[in-house]
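Beneath this line is the structure, given in structure tokens, with notes to follow.
Read-outs throughout are calculated quantities, based only on the coordinates presented, and are distinct from any laboratory measurement. The model shown is predicted, which means the values in this text are computed figures rather than measured ones. Positions of Cβ are backbone-derived with ideal geometry, glycine not excepted, and every protein chain shown enters the neighbour counts.
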Amino acid sequence: MFRRAFSLSLIFLLAACAAPFATPTPQPFGSFILPTRAPITPSATSTETPLPTETPTATLAPTESATPTPPPTATPTASPAPTESAPTVFSSRPNYILYSTLDFKNKTVVTDETIRYYNNTGTTLSELVLSVQPNLYPNGFVLDALAQDGADLTYALDGQRLDAHLNQPLAPDEATTLTLRFTLDLPRKAAGKVFGYDFNQINLVDWYPFVVPYADGWILHEPMPWGEHLVYDSSDIELNVKTDSDVTLAVGASPEANGEWTRYRLYGARTLAFSASDAFVVSETTWGNVAIRSYYFDGFASGGEDLLTYASKALQTYSAEFAPYPHQTLAVVQADLDDGMEYSGLVFLATDFYKQYDGTPRGNLATIGVHEIAHQWWYDLVGNDQALEPWLDEALATYSERIFLENNYPANISWWWQFRVNFFKPVGVADGSVYNYNSFRAYTNAVYFRGALFLDELREFMGFGNYAKFIQTYAERYAYQRATTEDFFALAREIIDLNYDPLIAKYFAQNY
């Protein structure tokens, strides 16, 4: 494995001013085409160690101590990873272009945003509804200007919802361009949350207004203390950023020079998140044409560097088992959270996981790490309604941990079932919404863990070969779209026509 500490801050320029409001009209980025799947040989195994005995914490899995067994290292390489390739096929996905100046010291962001929106709804629209998550924080968001095709728009902004009243109705298959200028006055990050700043880090997640999906109405659910409430269309996103010269940015795309700006581009992504710090240590490797970067803080090098191994193996395994990894960069970022969190091309992992890390894959750092990486397929590539049908991404991501282990550390599978799932004695129906459970533990037990038990039984019931065909077809058919539970079971019956009703009745509240 190639590992080197470096600073991306050399390419970032000192912030001077925001971009002019009249940013260039965006050109469609195009659609990303999945490359041909290549067969992957499973990696070596590890030695089994005793099961955990500690009391579970508030994390998704309990902590434990184990005899250190260092993970194997990857093949060294010194070649730089390519940037996200510009696709060649025209896309009608939403396009976002952002010019942002981050004042790290004063915790503010000034952004000019251009949205090219294509009306694929099949109905004429008189308004566009945008999610504005920073407006949920007192004085956190100021909208300085909003226009459609160069003409000012009237709008209503209430909480997380921005209703942009279009000057002219937008017919099906037509497109329009919105331009916005907004300022963020970032809040202090709440304990366990992602968005905001703490003493040495700023996390910008769901930080820019985006047009929410439309399906017989605009989809913007109410926030919940646990689980995710946002639903995203697959989009092409470009971020151009300036910040303080000593600040390093962690982004799920590789940096490119763009005049006085540094540019990052993601294609077919649900969202573009990033983290900024003047204290990041960065290690990197490559897997194929994918640049993998681990961003961590001083004193956590063991976990920060070993995550490169786990991430490489996860990309190898999931690309073979599901579909090719949809981006050309993966960023893994340490942050003060309770657990982990996924975004397109980027995942956050809790500092406590780095503290607990004992050099083995038996613990939260590796387990939750590969769970969040699995969301690059189940959330990012294949989308779903995370509020109403969270099992479609969370159960699949949880069961992907088991897929990871059987391909890389198969001696740890029985440990995983005990440590990750059975330890919590999960109960509850797997197909509830985030609003159907009365606690975080009840939610995760039912959706994550009962969902994983269901998928394991489904795999046995279908047969391993049929299940492999099913899950690969599911990833291919619903790539860059949103799948539903009905889609999931319709495809299962298409792959192999069995009576799934008893299995569904065992784990689900509804019949599909």
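Site pair Asp216 and Thr123 shows an inter-label distance of 1.0 nm when each label is modelled 7 Å from Cα along Cα→Cβ.
Could the peptides 161-172, 359-370 be put in order, highest first, of the mean number of other beta-carbon atoms found within 10 Å of their residues? Before the final figure, lay out the partial values.
Numbers: 161-172: 15.8, 359-370: 25.0.
Going by the mean number of other Cβ atoms within 10 Å, highest first, we get 359-370, 161-172.
Counted residue by residue at 0.36 nm each, then reduced by the alpha carbon distance between them, the extension gain from Asn200 to Ile496 reaches 101.3 nm. In plain terms, the chain from Asp456 to Gln418 could stretch by 12.2 nm, reckoned as 0.36 nm per residue minus the Cα-Cα distance. If you average the C-alpha positions of the range 402-419 and of the range 484-502 separately, how far apart do those two centres end up, in angstrom? A separation of 27 Å, based on Cα centres.
Rounded, prolate or oblate: pick one for the range 217-359, where a ≥ b ≥ c are the square roots of the eigenvalues of its C-alpha gyration tensor, a/c under 1.5 means rounded, and failing that, prolate if a/b is larger than b/c, else oblate.
Values: a/c = 1.26, a/b = 1.13, b/c = 1.11.
Rounded is the answer for the range 217-359, as its axis ratio a/c remains below 1.5.
Near the amide H of Glu127, within less than 5 Å, lie the amide hydrogens of Leu166, all on another chain or at least 5 residues away, with H placed in the peptide plane.
Can you compute the charge dipole magnitude of the range 218-363 about its Cα centre, using +1 on each Lys and Arg Cβ and -1 on each Asp and Glu Cβ, nothing else charged? Give it in debye, rounded to the nearest 20.
Details: 8 positive and 21 negative charges, 83 e Å.
Dipole about the Cα centre, nearest 20: 400 debye.
Rounded to the nearest 0.05, the FRET efficiency derived from the C-beta distance between Asp246 and Phe440 at R0 = 35 Å is 0.40.
Cross-link pairs exceeding 24 Å between alpha carbons, from the set Lys313/Lys425; Lys105/Lys355; Lys189/Lys313; Lys313/Lys355; Lys105/Lys189; Lys193/Lys425: Lys313/Lys425; Lys105/Lys355; Lys189/Lys313; Lys193/Lys425.
Dipole size in debye (nearest 20) for the range 278-405 around its Cα centre, Lys and Arg Cβ +1, Asp and Glu Cβ -1? Mind dumping the intermediate values first?
On the way: 5 positive and 19 negative charges, 95 e Å.
In debye, rounded to 20, the range 278-405 gives about 460.
Between Ala171 and Ala145, what's the calculated FRET efficiency when r is the beta-carbon distance and R0 is 25 Å? Round to 0.05. Before the final figure, lay out each step's value.
On the way: r = 26 Å, r/R0 = 1.03.
Working from the Cβ atoms, E equals 0.45.
Taking a ≥ b ≥ c as the square roots of the eigenvalues of the alpha carbon gyration tensor, the range 298-423 is rounded, as a/c is under 1.5. In terms of its alpha-carbon gyration tensor, the range 246-301 comes out oblate; a/c meets the 1.5 threshold, while b/c is at least as large as a/b.
Of the peptides 423-429, 346-352, how do they stack up when ordered by the mean number of other Cβ atoms within 10 Å, highest first? Write down the numbers at each step before the final one.
Details: 423-429: 15.6, 346-352: 23.3.
The most tightly packed comes first, giving 346-352, 423-429.
Averaging Cα coordinates gives a centre for the range 164-194 and one for the range 283-336; these two points are 30 Å apart. Highest average first, the peptides 311-322, 267-278, 173-184 ordered by how many other beta carbon atoms sit within 10 Å of their residues are 267-278, 311-322, 173-184. Computed from backbone phi with θ = phi - 60° and the Karplus coefficients 6.51, -1.76 and 1.60, the 3J(HN,Hα) list for the range 455-471 is 5, 5, 5, 4, 4, 5, 5, 6, x, 4, x, 5, 5, 4, 5, 4, 6 Hz; x is used for glycine and proline.
Dipole size of the range 391-507 about its Cα centre, with +1 on Lys/Arg Cβ and -1 on Asp/Glu Cβ: approximately 340 debye, rounded to the nearest 20.
Close amide H pairs (under 5 Å, H built 1.01 Å from N) link Gly363 with no residue at least 5 positions away or on another chain.
With 10 Å bins beginning at zero, the pair-distance distribution over Cα atoms of the range 391-507 amounts to 13, 44, 35, 8 %. As a calculated quantity, the FRET efficiency between Thr108 and Glu476 at R0 = 41 Å, using C-beta atoms, amounts to about 0.45.
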